[in-house]
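In what follows, a single structure is set out as structure tokens and then discussed.
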Amino acid sequence: MELIILFKAFVLGIVEGATEFLPISSTGHLIIAGDLLNFNDEKGKVFEIVIQLGAIFAVCWEFRRHLLNTANSLTSNASAQSFVKNLVIAFLPAATLGFLFLHQIKQFLFNPVSVAIALILGGFAILFIEKNAPKANTYRVESVSAKQALQIGFAQTLALFPGVSRSGATILGGMVFGLNRLAATEFSFFLSIPIMFAATGLDLFKSWKLFSTSDIPIFTVGFVTAFVSALIVIKLLLRYVATHNFRAFAWYRIVFGVMVLVYFWK
């Protein structure tokens with residue numbers, strides 16, 4: 001196994017973990033990084049599935065106590081039942097549309113120019129929402145209503161368009177529909193678990209023939225680095241949103257989107 005391949009796996013794992021849960025689009029960053037590292041062939045696409053799994057497990061680990069408490073009290077606690085019900089409600093819109101149209105989306109929209117445009121427009125959308133979002137009336141994920149969950153679920157469907165950012169759509173959608181930043185961010189993390197497991201599971205099912213035992217070292221390096229970097233970012237983001245807004249991420253998206261356009265424009 002060449003060290004250069006392991007280095008590429010290390011870098012891409014960090015990129016995935018560092019960008020998956022920030023409102024800046026991991027897709028755009030992986031496209032750039034994969035192109036720069038010349039790791040964007042069919043094997044590279046399979047590798048992206050593995051590192052996404054690492055990021056998902058980071059969320060599960062960070063919120064393990066909440067998840068275990070919810071599971072243990074699900075049959076007897078009305079709050080836990082309502083929380084799980086709302087996650088299912090929020091999960092369904094994107095899961096349904098993704099199942100029906102994901103192939104067409106990847107075929108026609110999964111390209112650098114589309115991603116760059118989505119990055120730029122999403123940046124301006126964040127600036128607009130930060131300025132005009134209604135006053136929050138929901139401060140805990142357990143207090144999210146079924147209506148708010150459905151609204152956030154439809155907001156998440158925007159992330160089917162590559163470059164929009166799933167976390168950005170759900171966090172900002174939550175703020176539009178009455179959640180404060182911390183509650184919207186936490187709900188986005190919890191919602192990422194079913195939607196990302198579903199998407200990754202579907203990709204694994206479709207691509208399992210491309211897996212090889214010789215790739216285990218590459219996949220292991222990518223998985224571990226994605227897990228560790230995602231765990232760090234999750235902890236930092238939860239602290240950040242307690243005292244900051246998302247305008248910095250908006251300007252970052254705009255600048256990065258322009259850079260992607262310049263880099264790939266032909």
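For the reader, a short list of remarks on this structure follows.
- Phe187 being assigned to a helix (DSSP H, G or I), in contact (Cβ under 8 Å) with a residue 12 or more places away in the chain and more than 20 Å from Leu102 (Cα to Cα): yes
- Restricting the range 191-202 to residues that are among the β-branched types (Val, Ile, Thr) and surrounded by fewer than 21 Cβ atoms within 10 Å (Cβ to Cβ), the residue that is modelled with the highest pLDDT is Ile193.
- Test set (1) without any contact (Cβ under 8 Å) to a residue 24 or more places away in the chain; (2) over 17 Å from the mean Cα position of the chain (by Cα); (3) closer than 17 Å to Pro23 by Cβ - Leu158 fails condition number: (2)
- Selected residue [closer than 20 Å to Leu210 by Cβ and in contact (Cβ under 8 Å) with a residue 60 or more places away in the chain] from Ile89, Ile5: Ile5
- Filter result for the condition that a residue is under 23 Å from Thr157 (Cα atoms) and more than 15 Å from the chain's Cα centre (by Cα), over Phe219, Phe246: Phe246
- Of all residues in the range 253-266, those satisfying the criterion of being in a helix (DSSP H, G or I) and either of a type outside the set (Phe, Trp, Tyr) or in contact with a Leu (Cβ under 7 Å, 6 or more places away or on another chain) (or both) are Arg253, Ile254, Val255, Phe256, Gly257, Val258, Met259, Val260, Leu261, Val262.
- Yes/no for Ser188 being modelled with pLDDT of 95 or more, crowded, with 18+ Cβ neighbours inside 10 Å and not acidic (Asp, Glu): yes
- Contacts under 9 angstrom Cβ, first residue in the range 93-105 being touching a residue at least 60 places away in the same chain (Cβ under 8 Å), partner of a type in the set (Phe, Trp, Tyr) and assigned to a helix (DSSP H, G or I), 6 or more apart: Pro93/Phe154; Ala94/Phe154
- Meets criteria (surrounded by 15 or more Cβ atoms within 10 Å (Cβ to Cβ), farther than 22 Å from Gly257 by Cβ and of a type outside the set (Phe, Trp, Tyr)) for Pro23: no
- Qualifying positions in the range 39-79 - in contact (Cβ under 8 Å) with a residue 24 or more places away in the chain and exposed (fewer than 13 other Cβ atoms within 10 Å of the Cβ): Glu42, Ser79
- Selection of the range 208-252 for residues being exposed (fewer than 15 other Cβ atoms within 10 Å of the Cβ), in a helix (DSSP H, G or I) and of a type in the set (Ser, Thr, Tyr) yields Thr213, Ser214.
- Any hit, the range 30-46, residues being more than 12 Å from the chain's Cα centre (by Cα), assigned to a helix (DSSP H, G or I) and within 15 Å of Val224 (Cβ to Cβ): no
The values are calculated or read from the model by the stated rules, or taken from the named source; none is laboratory data. All values reported here derive from a predicted model rather than from experimental measurement. Don't worry about glycine lacking a Cβ; one is built from the backbone with ideal geometry, like all the others, and counts go over all protein chains shown.
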